[in-house]
Each structure stands twice: as structure tokens, then as C-alpha cells.
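What follows is a single structure, written as C-alpha cells, with notes after it.
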Ligand SMILES: [Zn+2]
């Protein structure tokens, strides 16, 4: 799943390719906008907001896209072959004189007035990579429902925006507690570290092609995607189980020795083991 750093990278690609230039081509391959043509409009900016992308155009229009699980924005030079997937997966094309941005498998694509952006992103908590970052508010949001499992509270974009499933597992490892720990049971000294830790992880990774949380040469991640493999700190086999609200279950990894707190009785290593490569974004 794309996390805040992936979305940040996509926003930068779009910004570098399009900002300040007039569109020579616009093509939206979704029924609602099939007839919309933005050619001739200048692109003003693309900004990430949590996991949302907002591309603003002259005339007060914003293209709102969200990558969800599978989506991607790719940028190609003139004459370059497009390598982002089969043509039927293309949802949007924004072309300038020398660059073409192609949106593949975008799960959310909508045009709205720039003045109405808050309606689609206003529900987000402080953005880990945004100018509105507010560590105290982010922590207060995470702890607001003390009975809620910490992993779930970290993923909730209304609390803080930018953490996806990979960082959820890695954050809980670094905090030394399981993702099933009630947020209110997080010891105060670790709660204090939580916002800074989240921000450091995302900032350290926004310019990296492969996610890294360990600072080690041979291993990029402590627990995510490492079911049954030895914990990098204590060599206990890493475990995996689902965590979710019933509507969406996500593979969640932890070390039963390094992390204290409740955990499901039976993990399901095999189910997730090979399905999730290290970088799913
Ligand atoms: Zn361990």
C-alpha cells in the first residue's frame, strides 16, 4: 500500500514534470470526466496531503487522485515508451510539451474546485510530510480513544496522515509494543517519542527508492514482510497476523519477544508470507 512517502514521491514527480507548464493534452479515462479537456491550462502545483494528491490548474480547478493499493503516477519523456501497465489500466493522462504524466489504476480521480479541496482532505489529521505537521495534536489524536488498538490508531488518517501498513508494523516494533496494545496503555515515555519517530521514518524515506527503517546495510525493515524469519534484534521468529476493523484486515508483523502487549493467539504466517513484497507502494 502506498504510504505517505510514496505519495510524496509521486507528488514530486508530477510537480517536476508539470508545474508551470501548459497542458498540451488531457485525457481522463473515467466515464464522468471523459469529455473534460484541460488543454491550454497551466499546471500550478501538485501537493501531497496524507495519501492524497492534489494537482491544481489555472482557472481554479483541482484534480484529486488517490493511489490506494495499486495506483501509480508515472512520468515519461516525449517519444519514451510508457511502462506503467497495460493501456486499459490508464485512468488519466496529463501532457505538456516535453513530459507526459500517466496515472495508472487510480482508485480515486475527481475534478473539483480548488476552493473545495478541504471537502476531500479536510478530515485528515496533521500531515507527517506537510506544512501543517503538529506533533502534539497527532499524539493527542492517537491517544484520544484509549481502548483502540495502537496499530489501528496509527493507520487512521484522521489521527495523523501518512502512515500505512508497513510503517504501522515498524513503528510498533520501534516503540517496543505490539500493534494490539490499547493506545491508552502505551507507556508515557514511548508515547512521547511516537510523533517524532513517525516523522523521522517518513522523512528519511521520502527520497529513497526502497523503504528503510533499520539503518542497517543488509536489512531494510525490522519486521514487516519477515514472517518466520529471525528478529534482527533477538532472533525470535517474527510473527504475522491480521489486524483490522472487520471490514479490512491487514497483515501485521511483530516480534513476540521485543514487543510487549496483547497479540492474537494464532498468527497466520503462511497466508501472508509470500504475498506481500517489501515495497508494495
Ligand atoms: Zn525481537
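Derivation of every value follows stated rules applied to the coordinates shown; laboratory data play no part. No experiment lies behind these values; they were computed from the predicted model shown.
Worth a mention:
- Gaussian network model of the chain, Cα within-10 Å springs - most flexible of 14, 111, 54: 111
- Considering only 97, 142, 121, the Gaussian network model of the chain with Cα springs below 10 Å gives its largest mean-square fluctuation to 97.
- Taking Cα atoms only, the orientation of helix 188-205 departs from the longest principal axis of the chain by about 40 degrees.
- Kirkwood analysis of the Cα pair distances in the chain returns a hydrodynamic radius of 19.9 Å.
- Note on the chain: with a GNM built from Cα contacts shorter than 10 Å, the maximum mean-square fluctuation among 216, 160, 44 falls on 216.
- Crossing angle, helix 4-18 versus the chain [Cα axis fit, 0-90 degrees, rounded to tens]: 20 degrees
- Taking every DSSP helix (H) stretch of at least 4 residues in the chain, weighting each as -39,500 (n - 2.57) and dividing the sum by the residue count yields a mean residue ellipticity at 222 nm of -7000 deg cm²/dmol.
- Counting only alpha carbon atoms, the long axis of helix 165-175 and the longest principal axis of the chain meet at about 40°.
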